[in-house]
1. For region 98-107, check the following and say yes or no: at least one residue is in contact with a Phe, Trp or Tyr (Cβ under 7 Å, 6 or more places away or on another chain) and away from ligand 2 (no atom under 16 Å from the Cβ).
2. Collect the residues in region 148-206 that are over 21 Å from Met1 (Cα atoms) and of a type in the set (Asp, Glu), keeping them in residue-number order.
3. From the list Phe52, Phe32, pick out the single residue that is within 14 Å of ligand 1 (Cβ to nearest atom), open to solvent by less than 70 Å² (accessible area, probe 1.4 Å), within 30 Å of Asn119 (Cα to Cα) and of a type in the set (Phe, Trp, Tyr).
4. Between Gln218, Gln211, Gln203, which is open to solvent by 20 Å² or more (accessible area, probe 1.4 Å), within 30 Å of Ser8 (Cα to Cα) and at pLDDT 95 or above?
5. Of all helices (runs of 4 or more DSSP H) completely enclosed by region 61-170, which ones contain at least 3 residues that are over 20 Å from the mean Cα position of the chain (by Cα) and over 29 Å from Lys41 (Cβ atoms)?
6. Can you name the residue in region 9-53 that is in a helix (DSSP H, G or I) and more than 10 Å from ligand 2 (Cβ to nearest atom) and, of all such residues, is farthest from Phe64 (Cα to Cα)?
7. Based on what the data block shows, is Phe11 without any contact (Cβ under 8 Å) to a residue 24 or more places away in the chain, surrounded by 14 or more Cβ atoms within 10 Å (Cβ to Cβ), of a type outside the set (S, T, N, Q) and more than 25 Å from Thr165 (Cβ to Cβ)?
8. Does Ile189 meet the test of being outside any helix (DSSP H, G or I), buried (at least 21 other Cβ atoms within 10 Å of the Cβ) and touching a residue at least 40 places away in the same chain (Cβ under 8 Å)?
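The values are calculated or read from the model by the stated rules, or taken from the named source; none is laboratory data. Since the structure is predicted, the reported quantities are computational estimates derived from the model, not experimental observations. Cβ placement follows ideal geometry from the backbone for every residue including glycine, while neighbour counts extend to all protein chains displayed. Ligands, DNA and RNA are stripped out before the accessible areas are found, and what is left, the full protein with its side chains, is counted by its heavy atoms. Shrake-Rupley method; radii C 1.70, N 1.55, O 1.52, S 1.80 Å.
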Amino acid sequence: MIKFENVSKKFPLGTLALSEVSFEIEDKDFVFFVGPSGAGKTTILKLILHEFKPSNGTILINDFDVTSREFYQLEMLRRNIGMIFQDFKILFDKNVFENIALSLKVLSANDDQITKIVNQALELVGLTKKKLSFPVQLSAGEIQRVAIARAIVGDREIILADEPTGNLDPKTTWEIMKIFKKLEGKKTILIATHNIDIVNSFQKRVLVLKQGKLTKDQRKGGYEV
Ligand SMILES: Nc1ncnc2c1ncn2[C@@H]1O[C@H](COP(=O)(O)OP(=O)(O)O)[C@@H](O)[C@H]1O
Ligand SMILES: [Mg+2]
């Protein structure tokens, strides 16, 4: 469960990125965050990942108040969250297998277990044949597949994706979205996107942000600009 209660975030230079935002997301829910650039989508994902604290309000993740002064379980929280970025953020000096395996380093898994888990993730994202390729040998869509595989390994319950198809052409966009579809019902998935076609096609819950305010929380799908 992810719960925001009257969360506001003001950045040091005075930008009010979020203003009194409240919502609750159940386990294994599939949710889109939409809204124009600057609306606060990335700020919400970063607050969940605990990159910074809100200026006001409370954030509960699995009943842990991650905004309280007594919150010391940051490592545990991060281990439970997989993050996917628009610009991929994978390591260019490591091959596909190594990029994904690195994400398991925090777990106490042995080499055989790591190989098994990485192979399963590669299968899921359709990259088995490119296991030993380096990022320069991959297309943007394939690189994003690596990033998704990296985000899901290690039994992470929450997947945050920030404009995951923002740098992809339309055909590749749909291929990547098919992978998210496969994860539906298995993990809690939060996707920030501009892509209205995707949102309308998925017919999932949509949270609309405008200038830091949550203006709409739609249970199922359609979104108009
Ligand atoms: N680190 C930061 N310092 C100051 N202002 C920021 C910072 N990060 C984001 N902002 C501002 O907060 C607002 C929301 O940004 P963001 O969450 O990135 O929006 P979105 O992801 O919807 O495009 C914007 O006005 C942005 O300029
Ligand atoms: Mg953003």
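1. Pass one, region 98-107, residues in contact with a Phe, Trp or Tyr (Cβ under 7 Å, 6 or more places away or on another chain): none.
Within region 98-107 (the criterion being in contact with a Phe, Trp or Tyr (Cβ under 7 Å, 6 or more places away or on another chain) and away from ligand 2 (no atom under 16 Å from the Cβ)), the answer is no, since none of the residues qualifies.
2. Within region 148-206, Glu163, Asp169, Glu175, Asp197 meet the criteria.
3. Values: Phe52 fails: within 30 Å of Asn119 (Cα to Cα).
Just a single option satisfies the conditions, and that option is Phe32.
4. Values: Gln218 fails: at pLDDT 95 or above; Gln203 fails: at pLDDT 95 or above.
Exactly one residue qualifies, and that residue is Gln211.
5. On the way: elements: 74-79, 96-102, 111-125, 140-152.
Where helices (runs of 4 or more DSSP H) fall fully within region 61-170 and carry at least 3 residues being over 20 Å from the mean Cα position of the chain (by Cα) and over 29 Å from Lys41 (Cβ atoms), they are 111-125.
6. First, the residues of region 9-53 that are in a helix (DSSP H, G or I): 41-48.
Pick out the ones that are also more than 10 Å from ligand 2 (Cβ to nearest atom) and you get 47-48.
Numbers: Leu47: 14, Ile48: 12 Å.
Result: Leu47.
7. Values: without any contact (Cβ under 8 Å) to a residue 24 or more places away in the chain: yes; surrounded by 14 or more Cβ atoms within 10 Å (Cβ to Cβ): no; of a type outside the set (S, T, N, Q): yes; more than 25 Å from Thr165 (Cβ to Cβ): yes.
The answer is no for Phe11.
8. Values: outside any helix (DSSP H, G or I): yes; buried (at least 21 other Cβ atoms within 10 Å of the Cβ): yes; touching a residue at least 40 places away in the same chain (Cβ under 8 Å): yes.
It is true that Ile189 is outside any helix (DSSP H, G or I), buried (at least 21 other Cβ atoms within 10 Å of the Cβ) and touching a residue at least 40 places away in the same chain (Cβ under 8 Å).
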